[in-house]
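A quick write-up on the structure given underneath.
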Amino acid sequence: MRMRKVKWATDYLPTANCLVKEPSKQAGNWKKLMGTDTLHIEIGCGKGNYSLDMAKMYKDNGFIAIEKNESAAGIAAKKYDEDTDDKHLKLIQDDASSIGEWFGPREVDVIHLNFSDPWPKKRYAKRRLSSASFLDQYKRILSRNGEIQMKTDNSALFEYSLIEFQNAGFKMVEVSVDYRREKHDEDAITEYEQKFISLGQPIYRCVWRYMHD
Ligand SMILES: C[S@@+](CC[C@H](N)C(=O)[O-])C[C@H]1O[C@@H](n2cnc3c(N)ncnc32)[C@H](O)[C@@H]1O
């Protein structure tokens with residue numbers, strides 16, 4: 001679903017406290033910047049609730065939310081600035097297609113992919129956040145015991161992703177085809193997830209690790 005343009009976002013974003021403007025300049029330095037030993041990133045955070053809720057739940061962990069859409073990122077930035085003055089929650093407003101340049105080798109402990117756009121047409125498959133070129137970059141930036149946690153409502157994207165992860169050499173450590181049948185209070189509910197839960201639709205979830213040599 002296309003998001004309605006939020007006019008104030010263009011002016012607000014460059015002034016936002018939580019915004020990191022040139023992420024590649026922080027490569028290798030994120031944990032120091034955030035004052036943490038454990039770094040999470042969420043790619044495609046939308047309006048930002050998930051990382052905000054997780055940052056409140058896990059105060060010792062650093063969270064970096066990434067969103068390319070200016071309007072959604074503007075809403076997330078405002079929430080982050082108003083809700084927390086902690087330095088352990090930051091936002092990058094950009095397309096994650098060059099994410100491998102933003103983080104140093106093995107710098108990231110958890111990558112969250114929440115309800116990523118499915119891009120059902122084959123000609124746009126490269127835009128899926130679980131396609132091979134993204135997975136190659138994730139492998140480089142994930143720490144030794146690092147993991148990717150993926151949730152989706154979309155069974156076609158889920159199936160596609162299972163194959164891509166496996167082909168890229170990741171090992172599955174958890175899988176569920178009805179994740180919210182149990183509550184899972186340890187994991188925040190995203191905006192999209194709430195909609196699907198309200199509709200009674202199952203949430204698919206998988207967790208993957210990459211064993212570095
Ligand atoms: C379907 S929405 C889900 C939003 C949120 N994760 C949730 O669960 O409520 C997917 C979001 O991912 C963002 N996105 C898609 N591809 C992206 C990319 N390459 N880099 C950054 N953001 C991306 C979109 O702009 C959109 O806001």
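Before moving on, here are some points about what is shown:
- Among Leu33, Leu91, Leu142, the largest mean-square fluctuation in a Gaussian network model of the chain, built with springs joining Cα atoms closer than 10 Å, belongs to Leu33.
- Inter-centroid distance (Cα atoms) of segment 1-47 relative to segment 120-188, Å: 21 Å
- Relative contact order of segment 14-64, pairs being alpha-carbon contacts under 8 Å that are 6 or more residues apart, as %: 36 percent
- Mean sequence separation of contacting Cα pairs (under 8 Å, at least six apart), scaled by the length of segment 128-213, corresponds to a relative contact order of 46 percent.
- Fewest neighbouring Cβ atoms within 10 Å first, the residues Trp102, Trp119 line up as Trp119, Trp102.
- Exposure proxy shown here: for Ile75, Ile197, Ile111, the number of other Cβ atoms within 10 Å sets the order, fewest to most, as Ile197, Ile75, Ile111.
- Averaging the sequence gap over all C-alpha pairs within less than 8 Å and six or more residues apart, then dividing by the number of residues, gives the chain a relative contact order of 20 percent.
- Temperature 4 °C, viscosity 1.567 mPa s: under these conditions the Stokes-Einstein estimate for the chain, based on its Kirkwood radius over C-alpha pairs, is 74 µm² per second.
- Nonlocal amide H pairs with Ile111, under 5 Å, H built at 1.01 Å: Ile41, Glu147, Ile148, Gln149
- Size descriptor, Kirkwood hydrodynamic radius, that averages inverse alpha-carbon separations across segment 1-121, Å: 14.4 Å
- Helical segments meeting 15 Å axial Cα length and Kyte-Doolittle -1.0 threshold in the chain (DSSP H): 70-83, 155-167
Rule-based calculations on the coordinates, nothing more; no lab input. Fair warning: this is a prediction, and the values are worked out from it, not measured in the lab. Neighbour counts are summed over all protein chains in view; Cβ atoms, including those assigned to glycine, are modelled from backbone coordinates with ideal geometry.
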